[in-house]
Amino acid sequence: MLKVGVLISGRGSNLLSLIEACATSGFPAQIACVISNKADAAGLGHARAAQIPAHVISHRDYPDRAAFESALDSKLDEHGVQLVCLAGFMRILTSWFVDRWRDRLVNIHPSLLPAFPGLHTHEAVLAYGAKLTGCTVHFVRAEMDHGPIILQAAVPVLDGDTPDTLAARVLQAEHLAYPAALRFIAEGRVNVYEEKTFVTGAAAGDKALFNPS
Ligand code: GAR
């Protein structure tokens, strides 16, 4: 069982999708702890309801990023975490933390990276007039929303979409994509070579909008 730590800042719907996946029989990962940098993050309730240790480590309680990240790192170590999943964690991590967890630190972003990194993603997609968007699960590198892509799912942009309707459609894909990527990693099937990932045994592209399917 791969021991996973999940970092959140808010609603925690992706956290919930990971909790539900880990609760299914035979799933090769378990969530060892959830950490939020915000005390009022709704996602903490999902962790507590599932009896997963939930901690608040507020960046405001530390003098600088180094001290904050060192506290995160110690808490993850305390729980024997082997893989960290960022799930709507809205703090930029320094290269110290990112390097320390290299290829053991994963993020989900609500666009098809490298298109539309950063905040206000769905507004940017609509303003640009893109016809397809989606979500990306990737290993984290120091540059924001950047790093070897593990899995992407494409989602159509429809006439009349607002940022909210598009976000809701993408979120449905996120809730499938994150558990699928976690499964690949926990099964030891994801390798990084020259900053690209290769997922052994995954059929690529034979199910339209998911790659690997
Ligand atoms: C998700 O859409 C996630 O992709 C996004 O924040 C939302 C969190 O929702 N993450 C980013 O934009 C990171 N750059 P959730 O709290 O319900 O999982």
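The values are calculated or read from the model by the stated rules, or taken from the named source; none is laboratory data. This is a predicted model, so every value here is computed, not measured. Don't worry about glycine lacking a Cβ; one is built from the backbone with ideal geometry, like all the others, and counts go over all protein chains shown.
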Practice problem: Check the range 56-77 and report whether any residue there is within 16 Å of the ligand (Cβ to nearest atom), under 17 Å from TYR178 (Cβ atoms) and either hydrophobic (A, V, I, L, M, F, W, C) or more than 15 Å from the chain's Cα centre (by Cα) (or both). | Solution: no
Note: among LEU72, LEU44, LEU18, just one is touching a Ser or Thr at 6+ places or on another chain (Cβ under 7 Å) and part of a helix (DSSP H, G or I), namely LEU44
Hey, any hits in the range 131-139 for a residue that's out of contact with any helix residue (DSSP H, G or I) (no Cβ under 6 Å at 6 or more places or on another chain) and surrounded by fewer than 16 Cβ atoms within 10 Å (Cβ to Cβ)?
yes
**Prompt:** In this structure, does GLY5 turn out to be of a type in the set (Gly, Ala, Ser), within 12 Å of the chain's Cα centre (by Cα) and closer than 13 Å to HIS55 by Cα?
**Reply:** yes
When the range 1-15 is checked residue by residue, the ones that are in a helix (DSSP H, G or I) and buried (at least 20 other Cβ atoms within 10 Å of the Cβ) are ASN14, LEU15
Exercise. Somewhere in the range 57-65, is a residue surrounded by 14 or more Cβ atoms within 10 Å (Cβ to Cβ), hydrophobic (A, V, I, L, M, F, W, C), in contact with a Pro (Cβ under 9 Å, 6 or more places away or on another chain) and closer than 19 Å to LEU83 by Cβ?
Worked result: no
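Can you tell me which residue is farthest from the ligand (Cβ to nearest atom) among those in the range 21-32 that are touching a residue at least 12 places away in the same chain (Cβ under 8 Å) and outside any helix (DSSP H, G or I)?
Going through the qualifying residues, I end up with PRO28.
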For the range 115-130, pairs from a residue that is within 22 Å of MET90 (Cα to Cα) and at pLDDT below 95 to a residue that is surrounded by 12 or more Cβ atoms within 10 Å (Cβ to Cβ) and aromatic (Phe, Trp, Tyr), with Cβ under 8 Å and 6 or more apart or across chains, are none
Exactly one of TRP101, TRP96 is among the aromatic types (Phe, Trp, Tyr) and out of contact with any strand residue (DSSP E or B) (no Cβ under 8 Å at 6 or more places or on another chain), and that residue is TRP96
Qualifying residue in the range 40-48 (condition: modelled with pLDDT under 95 and within 16 Å of the ligand (Cβ to nearest atom)): no
